[in-house]
Each structure stands twice: as C-alpha cells, then as structure tokens.
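In what follows, a single structure is set out as structure tokens and then discussed.
Only the coordinates and a few stated rules stand behind these numbers; no lab work does. Since this is a predicted model, take the numbers as computed values, not measurements. Because the Cβ atoms are built from the backbone with ideal geometry, glycine has one as well, and the counts that use them run over all protein chains shown.
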Amino acid sequence: MYKRILIANRGEIALRVIRACRELGVETVAIFSEGDRGSAYLELADEAYCVGPTKSALSYLKTDQIIAAAEVGNVEAIHPGYGFLSENAHFNEVCRSCNIDFIGPQPEAMELLGDKNHARELARSAKVPVVPGSDGLIDTEEEALRVAHEIGFPVLIKATAGGGGKGMRVASNDLALKNAFSQARNEAEAAFGNPSVYLEKYIERPRHIEVQILADHHGNVVHLWERDCSTQRRHQKLIEESPAPNLPDKVRSSICDAAVRLIKKANYTNAGTVEFILDKDYNFYFIEVNARIQVEHPVTEQVTGLDLIKAQIRIASGEPLWVRQKDIKLNGCSIECRINAEDPDRDFQPCPGKIESMFMPGGPGVRFDSHAHAGYIVPPYYDSMIGKLIVFKPTRQEAIACMLRALDELQIKGIKTTAEFHKRVLSHSEFVQGAVDTHFVERTFMD
Ligand code: MV4
C-alpha cells in the first residue's frame with residue numbers, strides 16, 4: 001500500500017479521497033488554487049500546496065504545477081478525482097514518466113475509450129449493442145446523407161472527441177442534416193481540436209443507465225450493478241439512483257454483463273463506468289465509457305457496501321480484487337441529489353456567495369458528502385456543486401420518503417440551492433412511479 005498520495009482535485013471529491021486515504025493509513029497531500037485557500041478539505045490533509053491562481057487553467061489543470069507538488073510532497077500516487085485532469089491521457093502519461101502511479105486506467109485505455117467512435121467499434125467487437133449508425137467516421141455530407149437514408153431520420157451527429165453530450169447535433173431531414181453536419185464538425189474542431197464525427201440513429205427519450213466497473217491488474221473484472229441517471233437537465237445530472245427502477249432482472253444482467261465484456265476488451269483497469277441508453281422497449285445501446293470515478297459513485301457504495309475510492313487505491317497499488325462477482329449483491333435502494341449553488345427559479349444560474357448558516361441532515365440512512373460549512377464562501381470559479389445528499393433504504397418508496405425528509409432538514413442560508421427543486425421532482429408522480437426518461441426534467445419543470 002502507498003505511504004502518501006496527492007489528490008489532484010478540490011472540494012467534496014478531494015475530501016472524499018482524503019477520508020478513504022486516512023482509513024487506509026495513507027498520508028495525503030492536497031492541492032489548492034488561490035481561490036480555494038483556507039478550504040475545509042485542506043485541514044484534513046497532511047500537507048497542502050498552492051498550485052496556482054484561481055483560474056482552473058492556471059492551477060487544477062496545470063500538469064507541471066501538480067507534478068511539482070507531487071515531487072515536493074514525495075508522493076507515490078496521484079488520485080485525479082473527476083473533472084479537471086481525470087480523463088487527460090497526457091497527464092496520465094506524465095505521471096507514468098515521473099514514476100508516480102495514476103489512480104485510474106492506463107493512458108492507452110483512457111486514450112482509446114476517449115475516442116467515442118473507437119469505443120463504439122470496440123463495443124461492436126465485444127458483441128455489445130450499439131445504436132444503428134455509421135460504420136466509422138463520416139467525412140462528407142454525401143456519406144452522412146447516405147447513412148441517414150439507410151438508418152432513417154432522426155439521426156444524431158456525434159463528435160468522436162466529444163462526450164457527455166458535447167458536440168452532438170440532431171437532424172430530422174436532409175436539409176437539417178447538411179447544416180448540422182458542417183456545424184458539428186466546426187464545433188468539434190473548435191472545442192476538441194478534432195472535427196471527426198460519426199452518425200447514429202437518434203433514440204428518442206431514452207433512459208440513461210450506467211454500469212459501475214472495477215478491474216484489477218490481474219485480469220479480474222467485476223460489475224457493481226447499475227445506476228439510473230435519467231433525471232438530468234442539459235446533460236447535467238441532478239438525481240441518480242441505484243438500482244434502476246422498473247428494470248427487468250434479465251435486462252439488468254444483460255447490461256451489466258455487456259459492460260464487463262467491453263471493459264475486458266479494452267484492457268481497462270481501475271474504476272470505470274460504462275454508459276448506455278435504454279429505449280422504451282428495454283433495448284439498450286452502448287454510448288460511452290467514463291474513465292474516472294464519477295460524482296454519483298456513492299449510490300453504488302450504498303447498495304453494494306463497497307468503498308469505491310479505497311478500491312481504486314488498492315487496485316492502483318497492485319492488489320488483486322478481493323471480491324468475486326457472486327459476492328457483490330445489490331441490496332436496497334440509494335438515491336443521490338446534487339446540491340448545487342444554483343437558482344432553479346432563474347434557469348439554474350449559479351449563485352455563489354457566503355453560506356451564513358448550515359444545518360446538515362442526518363439520521364438512519366442519510367449521508368451528506370460536502371466540503372461546505374457555515375461561513376464558507378462558494379467561489380464562482382468552479383462548478384456549482386457544494387455537496388451530495390445520499391439516502392439508503394430497503395425500498396425505493398422508503399428512500400424517496402427519507403430523501404424528502406432529509407431535504408427538508410437541510411438548511412443552507414445565504415445562497416440559493418437546488419434543494420427545493422429536488423423536493424418537487426421527488427414528489428412528482430412520474431418520478432415516484434419510476435423510469436423517467438432523460439427529457440423528463442425539461443418536459444415537466446421547464447416551461
Ligand atoms: C444518444 C441519445 C439518443 N440517441 N445517442 C450522448 C452523451 C451521453 N452522455 C448521452 N448521450 C446520448 N446519446 C443516440 N443515438 C441520447 C443521449 C442522451 C441525451 C441526449 C440529449 C439530451 C440529454 C441526454 C441525456 C442522456 C442521454
């Protein structure tokens with residue numbers, strides 16, 4: 001096991017990794033930007049280094065500064081968290097060249113799966129269902145029209161270097177496709193430095209189901225069941241839960257087994273998430289792999305009883321997986337609400353500022369992962385999430401009731417948050433019935 005790890009992140013995920021390290025007896029080196037000086041998570045680290053000014057591009061995204069902190073802090077490994085450099089293959093390679101373990105997949109697997117068209121082709125070779133679409137990249141408008149006529153409109157143009165909804169455009173006829181094709185390529189070039197796109201049949205109003213995977217360096221791969229992340233707005237997840245409600249067991253097993261096949265084919269190691277969309281007839285299609293730990297990992301921790309951050313650290317240090325697939329049971333129901341400093345009544349615009357007072361919910365089955373506290377000034381420079389409220393109960397009905405009670409208890413004075421919005425979602429009949437699709441929030445709450 002490592003003696004010392006650097007956490008190349010901030011806020012609640014930095015705190016989460018520090019907690020896992022402390023339980024493993026591993027010392028921690030934290031980093032912070034000038035905008036995060038004095039943050040609470042730094043108090044729990046053994047050492048902390050300022051890596052630059054407030055701007056992420058000059059601090060949390062600065063490979064050289066972070067590697068310098070790792071050298072000065074004399075660490076053996078770096079945990080990247082999510083966002084920032086967590087899926088940056090170059091940073092991953094620099095860690096390797098400096099003999100610092102990157103707590104995540106190898107650069108090659110990260111690179112391969114970061115190319116969404118490659119990932120799609122790999123899925124095909126692993127007999128994992130993909131959405132009907134182009135056989136590779138589409139270079140010309142004529143090709144796009146030919147494929148669209150084969151698979152039928154509406155179609156979705158996707159940037160191979162994109163992901164998470166970035167660089168996607170829907171087209172419902174020839175003229176729209178011509179425009180969307182050139183716009184998608186220009187956007188992809190501007191955003192990712194790679195204009196390459198591919199085409200898929202647009203699956204209308206799908207559910208977003210993702211499978212948590214752990215893979216060690218000894219060829220062992222297990223899944224930790226699925227999460228339903230369909231309650232989202234403009235590709236920003238709001239509520240996640242495990243297991244996915246109203247999912248037939250045979251579909252559950254097929255999706256999880258498909259995820260394991262793909263991860264094995266990709267020679268992927270450490271924690272990863274295989275993302276699918278599910279149509280109204282329970283047909284599922286591979287979309288992409290998220291080569292990092294995700295914000296919503298706690299709901300999986302609650303229903304499996306496994307600590308995913310400790311698992312990442314143990315796998316990176318070379319330990320073989322200590323659990324077998326048959327030992328990983330799906331127990332109960334867990335729901336997570338992202339508590340963001342945003343105003344749901346003003347188009348979810350960020351509402352940074354000082355938290356005057358804060359009462360955190362608790363009691364049986366309640367977990368609140370947050371770095372925030374009374375007096376904390378939510379900075380405007382980073383993403384607006386200030387915490388995650390997670391509940392865990394034997395049934396979904398009890399979990400919803402518990403979440404509503406916990407949201408009621410959560411008092412954050414001084415800034416607006418998404419807490420009230422979550423209460424409205426959790427009380428809506430369509431959500432309570434289970435199996436909302438990815439357009440539920442926009443269709444139901446956005447006039
Ligand atoms: C799709 C899709 C429908 N049809 N692909 C791509 C990024 C990933 N995170 C979600 N993506 C989707 N890919 C096909 N062929 C629907 C989604 C999707 C989605 C699309 C638009 C708006 C919100 C969405 C939320 C989840 C999934």
Query - Relative contact order %, the chain, counting alpha carbon pairs below 8 Å whose residues are six or more apart - result: 14
Report task. Return the whole-Å distance between the Cα centroid of segment 179-193 and the Cα centroid of segment 1-71. Result -> 35
Query raised in the report: For the chain, what are the per-bin percents of Cα-Cα distances with bins 10 Å wide, up to the bin holding the maximum?
Result: 4, 20, 31, 29, 14, 2, 0
Query raised in the report: In nm, to one decimal, how far is the modelled label at LYS265 from the one at LEU175, with both set 7 Å along Cα→Cβ?
Result: 4.0
Query raised in the report: ³J(HN,Hα) across segment 406-411 via Karplus (A = 6.51, B = -1.76, C = 1.60, θ = phi - 60°), whole Hz, x for Gly/Pro?
Result: 5, 5, 5, 6, 5, 10
Report summary line: Mean-square fluctuation maximum in Gaussian network of the chain, Cα pairs under 10 Å, restricted to GLN302, GLN349, GLN212, hits GLN349
Report summary line: Rounded to the nearest 500, the 222 nm mean residue ellipticity computed for the chain from DSSP H runs (n ≥ 4, each -39500 (n - 2.57)) alone is -10000 deg cm²/dmol
Requested in this report: For a footprinting-style exposure proxy, rank GLU71, GLU121, GLU336 by other Cβ within 10 Å, fewest first.
Outcome: GLU71, GLU121, GLU336
Query raised in the report: What's the percent breakdown of Cα-Cα distances in segment 150-303 across 10 Å bins, shortest bin first?
Result: 10, 35, 35, 17, 2, 0
Requested in this report: Please work out whether segment 207-445 counts as rounded, prolate or oblate from its C-alpha gyration tensor, where a ≥ b ≥ c are the square roots of the eigenvalues and a/c under 1.5 means rounded, while otherwise a/b larger than b/c means prolate and anything else oblate?
Outcome: prolate
Report task. In whole angstrom, note down how far apart the Cα centers of segment 371-417 and segment 269-333 are. Result -> 23
Report task. Note down the net charge around HIS90, summing +1 for each Lys or Arg and -1 for each Asp or Glu among other residues with Cβ under 13 Å from its Cβ. Result -> -3
**Report entry** Around ARG338: net Lys/Arg minus Asp/Glu count, Cβ-Cβ under 11 Å
**Finding:** -4
Report summary line: In units of 2.2 N^0.38 Å, the Cα radius of gyration of segment 243-300 is 1.16
**Report entry** Residue (of PHE91, VAL17, PRO53) at the positive-pole extreme of segment 4-103, dipole from beta-carbon charges
**Finding:** PRO53
